[in-house]
Amino acid sequence: MRARSNGSVGYAVRTRLIGVCVAFLGVTSAFSVPLDAGVVISEIHYHPPRPDGQRLEFVEIHNPDPIELSVEGWRFEDGIRFTFPEGANISPGGYLVVCADSAAFEKDPIPGGSTLLLGDFQGSLANQGESIVLRDNVGAIVDVVVYDDSAPWPTGADGQGFSLNRVCLTASSLDPANWEDSAPTPASLLYTSP
């Protein structure tokens, strides 16, 4: 379940997620990505369950900070390749979606779709898992995910209609327990960070 910003159920889920985030705070990574890294990879839709599913792959990033950030010149490496264009910004608490085929994505959007859509990335997200690295405009690692299609990673994202969704924005993106499979909802305000 992902926290929604309205209703009593959302409050209960947000409370659960905050508790989960507190449990993750001691996690470190081999990539030395700080837990307060700012912009994070928040969702990965790597295996849409359709014959043309590869065209609907996406990676979502989130800015939990209270200020707008320029992501101009930032880039994804490994797995997919994409450089954020001139003037690209991510608003405070905002999301950006980088997709494989923006025309296909806009024609047949995934529920919860967003106008904060960038594309098209080169390459594709491997159905069996791989590394996704987000670097800033000077080449420093901002976030990295090394996902897999088998346990301990959530398996529902592997062609069963779900995407990988980050549970706690401040916990390690390398910990499979910090990801869940749920309905794809790019660029939705669904997270709560402590």
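For this structure, a couple of remarks:
- Tally of residues being charged (D, E, K, R) and assigned to a loop (DSSP other than H, G, I, E, B) across region 170-185: 1
- Considered as a group, the residues in region 70-92 that are within 18 Å of GLY123 (Cβ to Cβ) and either in contact (Cβ under 8 Å) with a residue 60 or more places away in the chain or not in a strand (DSSP E or B) (or both) include one that is least open to solvent (accessible area, probe 1.4 Å), and that residue is PHE84.
- Hey, ALA103 of a type outside the set (Asp, Glu), open to solvent by 30 Å² or more (accessible area, probe 1.4 Å), farther than 25 Å from GLY38 by Cβ and in a loop (DSSP other than H, G, I, E, B) or not: no
- Restricting region 140-166 to residues that are buried (at least 24 other Cβ atoms within 10 Å of the Cβ) and touching an Asp or Glu at 6+ places or on another chain (Cβ under 6 Å), the residue that is nearest to SER42 (Cα to Cα) is ASN165.
- When residues of region 177-194 are limited to those that are open to solvent by 20 Å² or more (accessible area, probe 1.4 Å) and more than 15 Å from HIS45 (Cα to Cα), the one modelled with the highest pLDDT: ALA177
- Pick from region 27-66, criterion at pLDDT below 90 and under 20 Å from ASN137 (Cβ atoms), ranking: surrounded by the fewest Cβ atoms within 10 Å (Cβ to Cβ): SER32
The values are calculated or read from the model by the stated rules, or taken from the named source; none is laboratory data. These numbers come from a predicted model, not from an experiment. Note that we place each Cβ from the backbone using ideal geometry, even for glycine, and neighbour counts take in every protein chain shown. Accessible surface is based on the protein model in full, side chains and every heavy atom, while ligands, DNA and RNA are left aside. Shrake-Rupley method; radii C 1.70, N 1.55, O 1.52, S 1.80 Å.
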